[in-house]
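In what follows, a single structure is set out as structure tokens and then discussed.
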Amino acid sequence: MRLNSPSLLVFVISAILAAAVVATQFLGAAIPYISQYSFSTLLIAYTLLFLGNLIRGM
């Protein structure tokens with residue numbers, strides 16, 4: 001299996017989601033969906049990044 005680098009868009013979306021989760025957990029920010037489902041949001045961010053590494057052109 002060969003890994004590829006994710007596109008810039010996939011990386012930015014994943015980084016923004018992960019940063020939002022960190023902001024809600026450690027800085028006390030109140031972001032409506034992310035505050036309630038922080039683990040799920042973090043899982044979505046890293047799954048998106050993982051798929052961006054596996055699938056060419058994503």
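The values are calculated or read from the model by the stated rules, or taken from the named source; none is laboratory data. What you see is a predicted model; the values in this text were computed from it and never measured. Cβ: placed from backbone, ideal geometry, glycine included. Neighbour counts: every protein chain shown.
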Inset, instruction - Go through the range 3-32 and give me each residue that's part of a helix (DSSP H, G or I) and surrounded by 15 or more Cβ atoms within 10 Å (Cβ to Cβ). - result: Val10, Phe11, Ile13, Ser14, Leu17, Ala18, Ala20, Val21, Ala23, Thr24
Legend entry - Breaking point among (1) surrounded by 13 or more Cβ atoms within 10 Å (Cβ to Cβ); (2) in a loop (DSSP other than H, G, I, E, B); (3) of a type outside the set (Val, Ile, Thr), for Leu49: (2)
Legend entry - Selected residue (criterion: farthest from the chain's Cα centre (by Cα)) from residues of the range 6-24 that are within 13 Å of Leu51 (Cβ to Cβ) and among the small types (Gly, Ala, Ser): Ser7
Inset, instruction - Pick out the one residue from Ser35, Ser40 that is surrounded by 13 or more Cβ atoms within 10 Å (Cβ to Cβ), over 9 Å from the mean Cα position of the chain (by Cα) and free of Cβ contacts under 8 Å to residues at least 12 places away in the same chain. - result: Ser35
Inset, instruction - List every residue pair whose Cβ atoms lie under 6 Å apart, where the two residues are 6 or more positions apart in sequence or sit on different chains, the first residue falls within the range 1-28 and is more than 16 Å from Thr41 (Cα to Cα), and the second residue, located anywhere, is at pLDDT below 95. - result: Leu3/Asn53; Asn4/Arg56; Pro6/Gly52; Pro6/Asn53
